[in-house]
Each structure stands twice: as structure tokens, then as C-alpha cells.
Amino acid sequence: MYMSNSRNDMNETLIQLIFEAIVQLSSTPERLIQEHAVLVTLLHTHIGSEIGAQFLESTAKKLDSFLKSGDNYGDGKECDNLILFMAHLYSFKIVHSSLIYDLLKVFTETFKAKDIDLILVILRSVGFSLRKDDPLQLKHIISNIQAKAVDATQANDQSRVQFMLDILVAIRNNNVRKIPNYDTSHSEHLKKLLRSLIRKGKSVVELKVSLADLNNADSRGRWWVVGSAWKSPDVPTQTLKGDIGSRTPMIENVSAQILDIAYKQRMNTDTRKNIFCILMTAEVRLCCCFASAFSILTSFMGRSLIVEILRLT
């Protein structure tokens with residue numbers, strides 16, 4: 001189906017179908033969410049990493065809409081199901097643990113009753129995996145949650161907070177028996193099944209993307225998708241584009257002999273002359289590479305650079 005249809009259309013259709021299946025008002029069975037996560041992992045591995053990236057972005061945006069909808073984050077368990085789906089995408093190595101820690105930081109910051117439930121969803125599903133991948137981050141999260149728990153004074157939240165603290169202590173001490181109804185047999189079975197279904201020479205590409213990157217993908221771009229545009233939040237747009245008129249042209253700093261050769265090679269514009277002078281006056285290949293990259297970044301003349309290199313060779 002991916003060979004005969006647009007990838008974007010296929011991704012959008014699959015995302016809609018999976019969300020209709022797992023994002024319900026009631027709690028979706030964890031096994032069903034895990035099996036959908038396995039399907040996404042297989043497509044991510046065999047078809048292309050942009051599939052997993054699009055699923056992640058859509059899940060993050062849908063989650064963000066629920067988080068902004070009110071204190072209860074929706075009318076039912078939709079947010080819990082989305083968090084569990086994202087946690088299992090991490091469990092099957094589509095996404096790095098940094099995204100899950102970003103979610104924990106968001107819920108710890110607000111720390112309402114619903115946030116405590118969502119923290120418990122993450123900890124009970126992938127808490128021990130988080131401990132294995134990045135124990136230092138988990139230690140900071142535990143310290144922050146314990147500090148927030150001291151300030152929790154509502155009587156109806158005391159039992160829930162205490163239960164969450166017990167789970168945290170069990171994860172910190174690597175004590176599986178302290179977590180009620182903790183069973184990873186189905187998850188391990190799916191991981192073995194996944195390894196047997198992945199073709200030889202293929203591997204799961206783990207996306208190390210943050211929650212802020214996913215939420216701001218429309219404005220900043222998608223650096224984690226190959227070939228996609230991206231704009232750094234730390235660099236102003238004007239700096240990236242450059243002020244071509246204010247820069248000193250390369251042709252003013254070279255000898256008349258080089259300019260004469262450029263004229264004979266039909267370098268009839270300032271852009272072509274600049275590129276020609278960069279290539280001809282570079283002392284070493286590395287210097288030539290850096291100067292050429294600077295030319296692309298400041299004037300966006302990458303196409304002209306490639307054309308002139310091909311002509312000269």
C-alpha cells in the first residue's frame with residue numbers, strides 16, 4: 001500500500017485509524033496499545049523513519065490539545081491512553097527516553113490530581129526502562145516529585161500521592177515485586193516477535209527528539225526528518241539569510257590573475273565569481289569546504305555552487 005499510495009496519505013490514514021482505536025473515553029487495554037505500537041515500529045523500520053516521526057508528532061500535538069483543555073485533560077481517559085501509547089513507542093525504541101522525561105517534567109511542574117495519574121501511567125509501564133537508560137535523570141525526577149509531594153495538602157490526594165511515592169521507591173531500588181500487577185511477559189513476547197519480523201540489515205532508528213521540538217515543528221521545522229527544513233531558535237532569521245549587500249565580496253580580495261581566469265571561464269556574475277575565487281584560492285580541501293559552506297549559509301547560493309563545481313571538474 002505504501003508503494004502504490006502517497007506516504008503522507010498513508011500516514012494520515014493510519015494515524016486516524018489508530019487514534020480511533022486507542023484514544024477512547026474509557027481505558028484502552030494495554031495489550032491493544034502495545035500491539036498498535038509494534039505495528040508503528042515495523043513500519044518505522046521497514047518503510048522509513050519519517051513514519052515514526054509523523055506518529056510521534058501527531059501524538060504530541062493531540063496530547064498538547066488535551067493538556068490545554070482543562071484540569072482534567074479531556075472528558076475521560078483519552079490522555080492516559082495517549083501517554084501509554086507514547087510510552088510503548090519508547091519501549092520499542094522508536095523514541096529516546098528524553099521525550100518521556102520531558103513528559104514527566106511537565107506533569108511534575110503542575111502536579112494536579114490528573115498529573116499524578118499520568119505520572120503513574122508512565123512509571124508503571126516503562127519506569128524500569130527509564131531507570132536503565134538514564135538513572136541520573138530519574139533521580140532528579142524523583143527528587144522533584146518528592147518535593148512536590150510534601151506540598152500536596154489536599155486530603156483526597158494523599159493516598160494517590162503516597163501510592164506514587166511507593167512506586168518511585170520501588171523503581172529506584174529496582175524492586176519489581178513492590179509494584180502491584182506488574183507483568184512484562186506480553187511486552188517481552190512482542191519484543192521477541194518484533195525482532196523476528198525485522199528483516200536482515202534493518203534496525204529501529206531511535207529518534208532523540210524533545211517534546212518542545214514536536215510541539216513547535218510547524219514553526220521551527222523538523223530536524224529529525226531527513227530532508228526537512230529546520231530553523232534554530234537561537235539564531236535569528238536575518239543572521240541565517242545574511243545581508244549580502246553589506247558583505248565584502250570575495251572578488252575584491254583576490255589577484256587580477258584569478259579574476260582574469262574567472263572571466264575566461266565565463267563567470268559573468270558576482271555570485272559565480274565569488275564561488276570561483278573560493279574554490280581556486282583555498283589552500284587545503286578543508287578550507288575550501290568551510291568557505292563553500294559559509295557561502296551557502298550566508299547567500300543561499302547552494303545550487304550555483306554545485307553547478308560551478310561540476311563545470312570546473
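The values are calculated or read from the model by the stated rules, or taken from the named source; none is laboratory data. No experiment lies behind these values; they were computed from the predicted model shown. All Cβ positions, even for glycine, are placed from backbone atoms using ideal geometry, and neighbour counts span all protein chains on display. Heavy atoms of the whole protein, side chains included, go into the accessibility calculation; ligands, DNA and RNA do not. Shrake-Rupley method; radii C 1.70, N 1.55, O 1.52, S 1.80 Å.
Keeping every protein chain present and rolling a 1.4 Å probe, give me the accessible area per residue for the stretch 1-159 in Å². Let's see the in-between values first.
Values: 7080 Å² over 159 residues.
Here the residues of the stretch 1-159 average 45 Å² of exposed surface.
Straight-line reach from K273: which lysines have Cα under 24 Å away, leaving out those fewer than 8 places along the same chain? Cross-link targets: K241, K264. Peptides 120-133, 159-172 ranked from most to least packed give 120-133, 159-172, packing being the mean of other C-beta atoms within 10 angstrom over each peptide's residues. Pairs to check: K68/K178; K62/K178; K93/K200; K105/K208; K77/K202; K62/K192. Give those whose C-alpha atoms are more than 28 Å from each other in this structure. The pairs that break the limit, which is 28 Å between Cα atoms, are K68/K178; K62/K178; K77/K202; K62/K192.
Spatially, the stretch 95-125 and the stretch 1-68 are offset by 20 Å when compared through their Cα centroids.
If R0 is taken as 35 Å, the Cβ-Cβ distance between D166 and V205 corresponds to a FRET efficiency of 0.45. Distance between the pseudo-spin-label points of S143 and R31 (7 Å out from Cα toward the beta carbon): 4.2 nm. Please list, by residue number, everything in the stretch 69-105 whose backbone N is under 16 Å from a paramagnetic label point 7 Å out along Cα→Cβ of L197. Counting only backbone N, you get 88-94.
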